[in-house]
2 protein chains.
Amino acid sequence: MLDKAAAILDCYRPDGGAYRLTELSARTALPKTTVFRLCADLVRLGLLEREADTYRLGGKLFELGSLVPRRHDLREAALPFLQDLFEATRETVHLGIREGDEVVYVERIHGHDVLPLPSRVGGRLPLTCTGVGKALLAFSDADFTEQVLAGPLARLTPHSVTDAVRLRTAIEQAQVSGLAYEEQEAAMGVSCIAAPVFDGQAVVAALSVAVPRARFRPAQLAPAVRTAALGLSRLLRSGR
Amino acid sequence: MLDKAAAILDCYRPDGGAYRLTELSARTALPKTTVFRLCADLVRLGLLEREADTYRLGGKLFELGSLVPRRHDLREAALPFLQDLFEATRETVHLGIREGDEVVYVERIHGHDVLPLPSRVGGRLPLTCTGVGKALLAFSDADFTEQVLAGPLARLTPHSVTDAVRLRTAIEQAQVSGLAYEEQEAAMGVSCIAAPVFDGQAVVAALSVAVPRARFRPAQLAPAVRTAALGLSRLLRSGR
DNA sequence: AAAATATGTTCCGTGTCACGGAACAATTCT
DNA sequence: AGAATTGTTCCGTGACACGGAACATATTTT
């Protein structure tokens with residue numbers, strides 16, 4: 001029964017849609033009656049909200065979601081550095097962590113011009129075709145990195161690197177320079193530079209700046225990204 | 001059974017703690033066996049995470065939480081204006097909406113110096129002793145406002161206004177000026193100035209700047225707050 | 001060292017309550 | 001008017017959630 005309830009919640013996608021009863025029934029492959037009863041319960045618990053025959057995700061989920069430990073602590077610690085980075089570059093700034101073989105974006109801040117990126121706070125993307133992902137990958141366990149390189153490589157755009165050899169080279173460069181690059185691999189027309197964040201032991205996150213390809217100046221962005229990542233790493237290592 | 005699962009999730013508080021099985025059993029007043037089974041299910045669904053006999057909130061909740069419609073849309077639209085406001089003031093900036101008779105904070109950005117505020121993203125506070133809350137209250141239905149004024153007024157600090165007459169005066173001033181003030185009513189030593197955000201129909205949110213009392217200069221903050229709120233209101237009214 | 005207390009975990013018989021088909025009500029399409 | 005689709009109520013059946021009792025393991029007390 002929990003499974004069924006979770007299946008209902010899992011129907012919802014980033015487009016922020018509100019589904020009708022029949023729609024949920026179809027998507028979950030559950031009988032209409034069952035969905036009806038479960039939705040009523042979920043609404044009662046605040047996990048769903050109802051408005052005239054449509055169900056949306058409920059405010060309680062937002063509240064619970066903002067309590068999730070690793071995410072919340074990290075965001076709180078990182079925010080000032082992300083602000084610095086944004087102020088220095090005035091471009092879209094990301095903070096992400098690794099979860100399985102994907103990136104989960106914990107924060108994303110931007111100004112008035114919004115890039116058409118697939119990244120979203122709370123969203124997941126392949127490690128291999130995002131700046132943040134590559135930075136995480138380059139500084140993870142060697143075993144894990146090899147495992148990812150061995151598997152099939154995802155593709156978000158025609159420029160996504162799906163050749164393991166080329167990707168390995170890129171990762172080695174990142175390991176040497178401490179910076180990971182990504183050019184139109186996640187979204188056409190957007191390039192990205194990223195740096196890993198450490199807590200003293202291992203890499204715990206990475207942050208990046210995404211820039212329209214036309215005005216991508218790595219030489220100017222690199223110091224800012226590096227500075228932010230080092231600053232955050234130092235904070236995580238010492239204080240708290 | 002959903003109720004019991006929800007009760008488990010509801011145990012978790014902002015302090016980001018991880019609870020043990022026995023602790024959860026005590027907090028929920030459910031038999032240990034039941035909690036054990038439910039937690040196993042919740043872990044399987046990603047709603048909880050387990051690490052050596054302790055359970056934390058799971059990453060899935062973060063992902064679901066960031067999909068909740070009103071919150072997510074509003075945050076996305078507001079972020080650039082919050083950035084502007086932060087850059088102009090370099091103080092802690094809030095964005096909140098009304099939910100029942102409380103504020104829910106949707107976003108909070110700050111620099112390296114963190115104020116000891118009770119506000120948290122995803123957290124709830126009384127409408128009556130926060131800047132954002134007062135701004136929301138001042139521009140809500142008159143009926144609702146009266147209803148809140150009639151009820152008992154919450155108190156977060158010794159300075160929280162618990163006298164309905166004084167609060168009504170403050171609200172009327174906010175209605176005239178379009179700005180709401182709060183001085184040490186949410187946290188000692190912190191003052192706050194807030195402005196409502198409209199979507200063309202009604203008030204949908206409010207944003208505020210919180211400042212250590214020592215350097216609180218309303219005359220300089222007011223234009224920045226007002227500008228940000230108006231800019232966001234204009235965007236919500238027209239575009240999307 | 002033994003006993004006591006605490007932890008998480010497995011087992012399993014009982015009974016509840018989730019289940020979903022069928023029928024109903026209220027719209028909306030044709 | 002009829003057909004189709006919506007959300008909703010009803011209710012008999014049976015699966016499975018329930019939780020007490022017993023167990024395993026670690027930690028503390030005597």
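Here are a few things to note about the model shown:
- Filtering A:Val121, A:Val106, A:Val114 for residues that are buried (at least 23 other Cβ atoms within 10 Å of the Cβ), facing chain B (nearest Cβ under 10 Å) and assigned to a loop (DSSP other than H, G, I, E, B) leaves a single hit, A:Val121.
- Boolean, A:Leu24 is touching a Phe, Trp or Tyr at 6+ places or on another chain (Cβ under 7 Å), under 23 Å from A:Arg124 (Cβ atoms) and either within 16 Å of DNA strand D (Cβ to nearest atom) or among the small types (Gly, Ala, Ser) (or both): yes
- Subset of the stretch A:68-103 [charged (D, E, K, R) and either more than 20 Å from A:Leu115 (Cα to Cα) or surrounded by fewer than 20 Cβ atoms within 10 Å (Cβ to Cβ) (or both)]: A:Arg70, A:Arg71, A:Asp73, A:Arg75, A:Glu76, A:Asp84, A:Glu87, A:Arg90, A:Arg98, A:Glu99, A:Asp101, A:Glu102
- Residue count for the stretch B:15-34, restricted to those that are part of a loop (DSSP other than H, G, I, E, B) and at pLDDT 90 or above: 2
- Qualifying residue in the stretch B:28-44 (condition: aromatic (Phe, Trp, Tyr), within 16 Å of DNA strand D (Cβ to nearest atom) and over 30 Å from B:Phe216 (Cα atoms)): yes
- All of (1) under 30 Å from A:Arg120 (Cα atoms); (2) surrounded by fewer than 17 Cβ atoms within 10 Å (Cβ to Cβ) hold for B:Leu64 with one exception: (2).
- Failed item in (1) in contact with a strand residue (DSSP E or B) (Cβ under 9 Å, 6 or more places away or on another chain); (2) more than 22 Å from A:Arg120 (Cα to Cα), with A:Val190 passing the rest: (2)
- Condition met for A:Pro158 (surrounded by fewer than 16 Cβ atoms within 10 Å (Cβ to Cβ) and within 21 Å of the chain's Cα centre (by Cα)): yes
- The stretch B:35-90, residues that are in a helix (DSSP H, G or I), closer than 29 Å to B:Leu230 by Cβ and among the basic types (Lys, Arg): B:Arg70, B:Arg71, B:Arg75
- Count of residues meeting criterion [among the acidic types (Asp, Glu), on the phi < 0 side of the Ramachandran plot and more than 7 Å from chain A (Cβ to nearest Cβ)] in the stretch B:44-76: 3
- Flag if A:Cys11 is within 16 Å of DNA strand D (Cβ to nearest atom), within 12 Å of chain B (Cβ to nearest Cβ), outside any loop (DSSP other than H, G, I, E, B) and under 29 Å from B:Tyr12 (Cβ atoms): no
- Scanning the stretch B:55-102 for residues that are in contact (Cβ under 8 Å) with a residue 40 or more places away in the chain, under 15 Å from the mean Cα position of the chain (by Cα) and under 30 Å from B:Glu23 (Cβ atoms) yields one hit, B:Gly65.
- Odd one out for A:Ala5 among (1) more than 16 Å from DNA strand C (Cβ to nearest atom); (2) small (Gly, Ala, Ser); (3) in contact with an Asp or Glu (Cβ under 9 Å, 6 or more places away or on another chain): (1)
- Hits in the stretch B:139-155 - residues which are under 22 Å from B:Gln184 (Cβ atoms) and either in contact with a His (Cβ under 9 Å, 6 or more places away or on another chain) or surrounded by fewer than 12 Cβ atoms within 10 Å (Cβ to Cβ) (or both): B:Pro152
- Answer residue from the stretch A:10-48, given it is touching a residue at least 12 places away in the same chain (Cβ under 8 Å) and hydroxyl-bearing (Ser, Thr, Tyr) and is surrounded by the fewest Cβ atoms within 10 Å (Cβ to Cβ) among those: A:Thr34
- Residue check, A:Glu51 away from DNA strand C (no atom under 11 Å from the Cβ) and free of Cβ contacts under 8 Å to residues at least 12 places away in the same chain: no
The values are calculated or read from the model by the stated rules, or taken from the named source; none is laboratory data. This one's a predicted model, so the numbers in the text were calculated from it and none came from an experiment. Methodologically, a virtual Cβ is constructed for each residue, glycine included, from the backbone with ideal geometry; neighbour enumeration extends over all protein chains shown.
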